[in-house]
Amino acid sequence: MIYEVWDMDTANQVGAFESEAEARAFLTDMLRLNGAETVKALSVAAVQHDNSGIVHQTLVIDDPDFVAELELGLARER
């Protein structure tokens with residue numbers, strides 16, 4: 001399974017990671033560097049290819065509340 005980060009404003013993929021934790025770390029770095037408004041436009045989809053070649057996508061992060069969660073995580077690091 002791969003976790004893709006998408007910019008929903010531009011419909012561009014901005015990253016792909018092997019774990020949800022890596023995708024969340026990327027979002028945290030984006031928050032730290034670019035601020036909450038940039039991160040609010042991002043979502044994370046879990047992408048899985050099955051044996052028949054069909055691609056299954058499930059949104060893992062697509063909620064404005066996740067920015068507050070990331071900010072809380074940054075505050076705990078300090």
Within the chain: Cβ-based charge dipole about Cα centre, in debye rounded to nearest 20 (Lys, Arg +1; Asp, Glu -1): 200
Segment 1-18 versus segment 39-74: alpha-carbon centroid distance in Å: 8
Separation in nanometres of the label points that stand 7 Å from Cα toward Cβ, at Glu18 and Val55: 2.1
Taking segment 2-77 and dividing mean pair separation by its residue count, relative contact order in percent (alpha carbons under 8 Å, at least six apart): 28
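Each reported figure results from applying straightforward, stated rules to the coordinates on display, with no laboratory input. Quick caveat: nothing in here was measured; it's all calculated off a predicted structure. Cβ atoms come from the backbone with ideal geometry, glycine included; neighbour counts cover every protein chain shown.
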